[in-house]
Amino acid sequence: MLGSGGREHALAWKLAQGKRVEQVFAGPGNAGTGGCARDLPAVNPARFETIADACRLNRIDCVFVGPEGPLADGVVDYLAEQKIPAIGPHRSAARLESSKSFSKAFMQRNGLPTAEAEEFADASSFEDFVRSAKGRRLVVKKSGLAAGKGVLESSRAEDLIPFGRAILQKDILLVEEFLDGWEVSIFGLSDGKDFIVLPPCTDFKKARDGDQGPNTGGMGSICPVPWVDPDLMNRIRRDVVEPTYAALSREGLGYAGVLYFGLMITADGPKLLEFNARFGDPEAQVILVRMRSDIVPILQGVAAGQLKETKIEWAKEPAVCVVLASKGYPDSSDSGRPIQGLETLKSEGDVVVFHAATNRKDGALLTIGGRVLGVTALGANLDVAVQRAYEAVAKVSFEGMQFRKDIGQKALARLHAPK
Ligand code: AMP
Ligand code: GLY
């Protein structure tokens with residue numbers, strides 16, 4: 001398992017439950033991964049030779065790549081040259097995430113449903129465009145990777161222009177029409193030929209309650225999404241997922257790995273906001289605690305092009321993840337704060353705390369960045385899961401800890417609302 005975030009802890013935790021797994025390694029891992037894997041602190045995901053060295057030294061059979069950065073930089077291509085099997089898309093397919101410009105062009109030329117967009121490389125034509133929109137709500141997006149923080153939606157030119165200008169100093173940008181609706185995250189697993197769609201999730205991207213504040217990498221998640229019924233899932237499959245995989249194979253992008261479809265369910269049906277070339281964080285946490293099947297044969301199917309016959313069993317119970325973040329996240333990130341209370345949660349079966357930005361120093365558990373922990377709970381229904389997660393959150397603390405108190409509430413409100 002390559003990476004050190006909450007998603008990677010969840011993956012290492014799930015891999016370690018594999019029946020035929022001898023040993024899971026986490027490179028570099030965090031202060032939680034040692035509970036289920038052997039940490040490889042010498043691995044730096046940005047320096048591919050450290051990954052290959054660790055694989056040889058420890059006789060690692062296969063690498064699962066968690067984060068987007070190494071995928072965008074071609075880690076799967078590099079490991080293939082080194083004859084080390086790895087799960088994740090090649091660099092050319094990872095551009096679906098690492099270049100929003102590439103990704104939008106892919107959607108447009110293949111007729112996939114998405115927001116209309118214009119691309120800009122220079123400030124003056126961008127500013128003219130924004131001013132000519134005359135207060136229409138627009139979304140400005142940095143083309144390259146930005147950890148969920150490269151997007152601003154607003155109807156005010158005075159907000160959009162400085163945001164876009166800052167991007168244009170280093171990158172190109174897209175200006176999109178604003179889509180109104182409900183967001184859903186869909187994940188597909190594919191082996192280059194066949195694909196499986198995983199249960200729908202939602203992540204809560206804004207920093208503060210009531211979807212206020214700046215976008216973050218994700219402050220919480222739920223799985224499944226109670227208002228996404230089988231009809232809507234079928235429509236998502238028919239209008240978005242199937243045409244996407246068909247387009248990938250037409251274009252020879254041979255996509256093996258996890259593909260994330262970020263969707264807005266609008267009055268006109270599902271529309272694509274973005275693709276990611278990997279599991280979401282914190283969506284992986286809620287998906288994986290619900291997966292009852294052994295993940296190892298499934299991933300072997302992905303790697304070997306034999307996904308076709310695979311069935312995945314899921315827990316009936318929904319799952320919720322609440323992210324505990326450091327003071328200042330996402331604008332800045334505090335670190336070095338001791339974390340208290342995790343010991344008391346160890347024995348609670350339906351609650352799993354996945355570590356993210358944590359470190360152990362002289363025996364003490366410390367924060368080392370923005371998103372610190374993901375408290376993940378299952379419950380008989382979503383209300384119960386939410387309640388369990390927050391009961392667990394109440395037992396954990398560190399100085400400056402911030403979290404959203406309304407994870408899951410919007411989905412519950414929609415579920416309970418009169419139709
Ligand atoms: P992206 O990185 O493209 O997924 O954008 C991050 C977040 O910004 C999404 O999850 C949405 O909440 C929001 N967003 C992006 N594009 C749009 C759009 N065209 N209309 C409305 N919201 C959007
Ligand atoms: N939670 C969204 C992401 O991983 O980008």
Here, LYS193 and PHE102, labelled 7 Å along Cα→Cβ, have an inter-label distance in nm of 2.6 nm
If the label point sits 7 Å along Cα→Cβ of ARG20, residues of region 180-221 with amide N under 19 Å come out as 191
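Roughly what % antiparallel, to the nearest 5, for the DSSP beta bridges in the chain? Write out the running numbers ahead of the final one.
Working: 62 of 70 bridges.
Of all bridge pairs located within the chain, approximately 90 percent are antiparallel.
Suppose a student asked you for the relative contact order of the chain, using Cα pairs under 8 Å spaced at least 6 residues apart; what percent would you report? Display every interim value, and only then the final one.
Details: 935 pairs, mean separation 70.0, N = 419.
Value for the chain: 17 percent.
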Once both labels are modelled 7 Å past Cα along the beta-carbon direction, what's the ASP180-ARG47 spacing in nm?
-> 5.2 nm
Inter-probe distance in nm under a simple model that places probes 7 Å from Cα toward Cβ, at ARG360 and ASP122 = 5.7 nm
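Of the peptides 373-380, 124-131, how do they stack up when ordered by the mean number of other Cβ atoms within 10 Å, highest first? Write out the running numbers ahead of the final one.
Numbers: 373-380: 24.9, 124-131: 15.2.
Result, highest mean Cβ count within 10 Å first: 373-380, 124-131.
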Normalise the Cα radius of gyration of the chain by 2.2 N^0.38 Å (N = residues in it) and let me know the number.
-> 0.95
Quick one: grab the alpha carbon gyration tensor of region 1-40, order the square roots of its eigenvalues as a ≥ b ≥ c, and give me rounded if a/c is under 1.5, else prolate or oblate depending on whether a/b is larger than b/c.
-> prolate
Would you list, by chain and number, the lysines whose Cα falls below 25 Å from the Cα of LYS361, excluding same-chain residues fewer than 8 positions away?
-> LYS327, LYS346, LYS395
Rounded, prolate or oblate (a/c below 1.5 giving rounded, otherwise prolate when a/b exceeds b/c) for region 319-407 by Cα gyration tensor = oblate
Extended-chain gain in nm, criterion 0.36 nm per residue less alpha-carbon gap, LYS149 and LYS206 = 19.5 nm
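If packing is taken as the mean number of other Cβ atoms within 10 Å per residue, what is the order of 175-182, 220-227, highest first? Kindly include the intermediate steps, with their values, before the conclusion.
Numbers: 175-182: 16.4, 220-227: 25.2.
Result, highest mean Cβ count within 10 Å first: 220-227, 175-182.
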Cβ-isolated cysteines (cut-off 4.7 Å), the chain = CYS36, CYS55, CYS62, CYS321
LYS205: which aspartates and glutamates have alpha carbons under 15 Å from its alpha carbon, excluding same-chain residues fewer than 8 sequence positions away?
-> GLU153, GLU183, GLU274, ASP281, GLU283, ASP331, ASP406
What's the extension gain from ALA166 to ARG237 if we count 0.36 nm per residue and subtract their Cα-Cα distance?
-> 21.9 nm
Taking 0.36 nm per intervening residue step and subtracting the Cα-Cα distance, what contour gain separates PHE129 from GLN82 on full extension?
-> 12.2 nm
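Is it possible to state the helix-based mean residue ellipticity at 222 nm for the chain, with each DSSP H run of 4+ residues giving -39500 (n - 2.57), the sum divided by total residues, to the nearest 500 deg cm²/dmol? What is it?
Numbers: 14 runs with 127 residues, N = 419.
Rounded to the nearest 500, it is -8500 deg cm²/dmol.
Since every read-out is calculated from the coordinates, none of them should be taken as a lab result. The structure displayed is predicted, hence computed values, not measured ones. Neighbour counts are summed over all protein chains in view; Cβ atoms, including those assigned to glycine, are modelled from backbone coordinates with ideal geometry.
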